[in-house]
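In what follows, a structure is listed as structure tokens, so that the remarks can point back to it.
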Amino acid sequence: MSLLAVDGVTRRFGGLVAVDRVSLQVHAGEVVGLIGPNGAGKTTLFHLISGFLRPDAGRVVFAGRDLAGLRPFEICRLGLVRTFQIVRPFAELPVERNVLVGALARGATMREAQRTAQECLAFVGLAGRAQAPARDLTISDQRRLELARALATRPRLLLLDEVMAGLTPREVEGMSELVRQLPARGVTVVWIEHVMRAVMRVCTRVIVLHHGEKIADGPPAQVARDPRVVDAYLGEVALLA
Amino acid sequence: MAERAAVVDAPRRARVLPAVVAGTVLVAAVAAPLVASPYVLRVLIMTLYGAYLAQCWNLVGGYAGQFSFGHATFFGIGAYTTALLFARGGLTPWLGMLVGAALAAAAGGVIGALSFRYGLRGPYFGLVTLAFAEVCRIVVTNWRALGGAMGVLVPLRPSLATFQFPEPWAYYYVILAMTAGLTAAAVALERSRLGLFMEAVREDVDAAEALGVDTTRTRLVAMGASAAATALAGTFYVQFFSYIDPHLAFGIDVSVAAILPNIIGGAGTALGPLAGSVLLVPLGEWMRAYLGGYRGVHLMLYGALLVVAIMALPHGLVGAVRRWRGRSR
């Protein structure tokens, strides 16, 4: 049985069909890349899966449970957490308190939560900055904080929305390494990313959205050669190589 | 080596020093009526009352970041409930204030539920709360059974049972206990799960929701607790002045009084409301005493000082001290 099953999900905004009858499956232990040109509907799909938007049609099943009607915090407590494309740290709070939120919301005691927070901060390499206000972090560290915060909720499935946007090539390397280690922590990943080099290297499978529709789904190398994908990325072929 | 010792000592000092300071202040506060003149005692009462009212607002406006501009609603409900139950039904204000707190919490729940249900945030939430307070003011003004525009005069029957005291020092100790208790509650809140969730909601509702925080419930709890506490301020006011009318209870002045010390002292900090009130109330009294002869001049100067304070201390007195200490560390 798949961990996440999206079945014929559709979402319209006025006349625009942002997500058009998309179906996909994610199995435990995978790192699935979700790519597509700007406006393809990737982030909207994340909103639909995580409960921030309601689908007009279709359904989302996580770990055998239909998520229809559940609010985002309830979905998070089931073990499905998402990050945001634009980092949204709790700016005035210290880094450690940012991460505590996730751990406490999943029902841990304060002591357990502190341990979880420390462990997650150590994992992303922010242990030394635990007491700094989140607003003082660099963009790269804020992305790491976003990851640590999400991991503190002890998710089974993590939806990452462009965790590499705005990072230097070296920072991209570091973040790729973190994402690669997630399955070993018991975290399955669906990952929206525009940095193709990282996607192609880290992901076990890649799904391509274009104009709200799924146009490809398979191993990275195969997807990169798919004529429909090359068409969608017309003029950007070099990116896929 | 010495530097290292200082680092190790820092946490202990950080725990001991506030306790010593708090103890000293509390002892001084308890002893104050013994030495204060009646005028000074009255200023002290109004200062503590201002700090209490501001701390009530701070729970929802400061920690949870829901900028209510209509706390007069809850204040007025508390004041009117107590006054009417006592004047018309003879119910002791000690019980009346609990009824008022319950009604105010219910009102806070309704206003909050409506606002959060329809996703009203920031200034829109503030406007809704303001509108509710104004509606209350107008309704009570025109409702004769509630005293109408004339208000309610509380019959004077001084005794402990009626929450009426012949000596001001008794009021002083009541409001001192209320303020100390609520400040202690704010300190406890900062260390609790609920307090952290409230701060997360203030910083970013969607991010908090995504991390598993029930943001609606968190805001409703903050609103209900704040409303109930604010109603008790209304009770204290009506017991102290023995009179309430629609403007005193539901007027915008009350809502502003609940907010201002937070802006000056530091919203979302346990000591901010107290610091703000300690600065603002005596200053206001002093200016009224010395400049009151020139109509409106003291208000203009007061307003100008507020503008300067807000520009110079965007995070309030407590915020400024924290930032300064953070830098020097």
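The values are calculated or read from the model by the stated rules, or taken from the named source; none is laboratory data. Computed from a predicted structure; not experimentally measured. FYI the Cβ positions are ideal-geometry reconstructions off the backbone, even for glycines, and counts take in every protein chain you see.
What to note about this one:
- Check on residue B:254, in contact with a His (Cβ under 8 Å, 6 or more places away or on another chain) and of a type in the set (Val, Ile, Thr): yes
- So residue A:204, is it out of contact with any Phe, Trp or Tyr (no Cβ under 6 Å at 6 or more places or on another chain), surrounded by fewer than 16 Cβ atoms within 10 Å (Cβ to Cβ) and under 24 Å from residue A:62 (Cα atoms): yes
- Residue identified as of a type in the set (A, V, I, L, M, F, W, C), in contact with a His (Cβ under 7 Å, 6 or more places away or on another chain) and at pLDDT 95 or above among A:53, A:45: A:53
- Residue check for residue B:203: touching a residue at least 12 places away in the same chain (Cβ under 8 Å), acidic (Asp, Glu) and within 24 Å of residue A:52 (Cα to Cα): yes
- Total residues in region B:100-136, condition over 26 Å from residue B:164 (Cβ atoms) and assigned to a helix (DSSP H, G or I): 25
- Residue count for region A:83-110, restricted to those that are among the basic types (Lys, Arg) and either at positive phi or at pLDDT 95 or above (or both): 1.
- The listed residues are B:106, B:113, and the only one of them that is over 19 Å from the mean Cα position of the chain (by Cα) and surrounded by fewer than 22 Cβ atoms within 10 Å (Cβ to Cβ) turns out to be B:113.
- In the set A:117, A:127, only one residue is out of contact with any Ser or Thr (no Cβ under 9 Å at 6 or more places or on another chain) and closer than 9 Å to residue A:148 by Cα; that residue is A:117.
- Criterion: under 20 Å from residue B:47 (Cα atoms), within 14 Å of another protein chain (Cβ to nearest Cβ), touching a residue at least 60 places away in the same chain (Cβ under 8 Å) and not acidic (Asp, Glu) - qualifying residue of B:276, B:272: B:272
- Sole residue being at negative phi, surrounded by fewer than 22 Cβ atoms within 10 Å (Cβ to Cβ) and part of a helix (DSSP H, G or I), chosen from B:233, B:257, B:249, B:289: B:289
- Filtered by the rule that a residue be of a type in the set (A, V, I, L, M, F, W, C) and under 20 Å from residue A:187 (Cβ atoms), region A:152-171 gives A:152, A:157, A:158, A:159, A:160, A:163, A:164.
- Criterion applied to A:126, A:121, A:145 was being closer than 18 Å to residue A:177 by Cα, of a type in the set (A, V, I, L, M) and either within 13 Å of another protein chain (Cβ to nearest Cβ) or in contact with a Phe, Trp or Tyr (Cβ under 7 Å, 6 or more places away or on another chain) (or both), and the one residue passing it is A:145.
- Residue match in region A:17-37 (condition: over 17 Å from the mean Cα position of the chain (by Cα), on the phi > 0 side of the Ramachandran plot and without any contact (Cβ under 8 Å) to a residue 24 or more places away in the chain): no
- Scan region A:71-109 for residues that are acidic (Asp, Glu) and more than 7 Å from chain B (Cβ to nearest Cβ) and the total you get is 2.
- Qualifying residue in region A:81-90 (condition: of a type in the set (A, V, I, L, M, F, W, C), crowded, with 22+ Cβ neighbours inside 10 Å, closer than 22 Å to residue B:204 by Cα and more than 17 Å from the chain's Cα centre (by Cα)): yes
- Elements of type helices (runs of 4 or more DSSP H) in region B:152-212, at least 3 residues being in contact with a strand residue (DSSP E or B) (Cβ under 8 Å, 6 or more places away or on another chain) and crowded, with 22+ Cβ neighbours inside 10 Å: none
- The set of residues from region B:210-233 being within 10 Å of another protein chain (Cβ to nearest Cβ) and in contact with a Cys (Cβ under 8 Å, 6 or more places away or on another chain) comprises B:210, B:211, B:212.
- Just one of (1) farther than 30 Å from residue A:64 by Cα; (2) in a helix (DSSP H, G or I); (3) touching a residue at least 40 places away in the same chain (Cβ under 8 Å) fails for residue A:91. It is (2).
- Residue check: residue B:136 meets all listed conditions (1) away from chain A (no Cβ under 14 Å); (2) surrounded by fewer than 17 Cβ atoms within 10 Å (Cβ to Cβ) but one, namely (2).
- The set of residues in region A:129-141 being within 12 Å of chain B (Cβ to nearest Cβ) and part of a helix (DSSP H, G or I) consists of A:134, A:135, A:136.
- Verdict on residue B:256 being at pLDDT below 95, away from chain A (no Cβ under 14 Å) and in contact with a helix residue (DSSP H, G or I) (Cβ under 6 Å, 6 or more places away or on another chain): no
- Every condition in (1) in contact with a strand residue (DSSP E or B) (Cβ under 7 Å, 6 or more places away or on another chain); (2) outside any loop (DSSP other than H, G, I, E, B) holds for residue A:175 except the one numbered (1).
- Qualifying residue in region B:266-284 (condition: assigned to a helix (DSSP H, G or I), in contact with a Phe, Trp or Tyr (Cβ under 9 Å, 6 or more places away or on another chain) and more than 25 Å from residue B:22 (Cα to Cα)): yes
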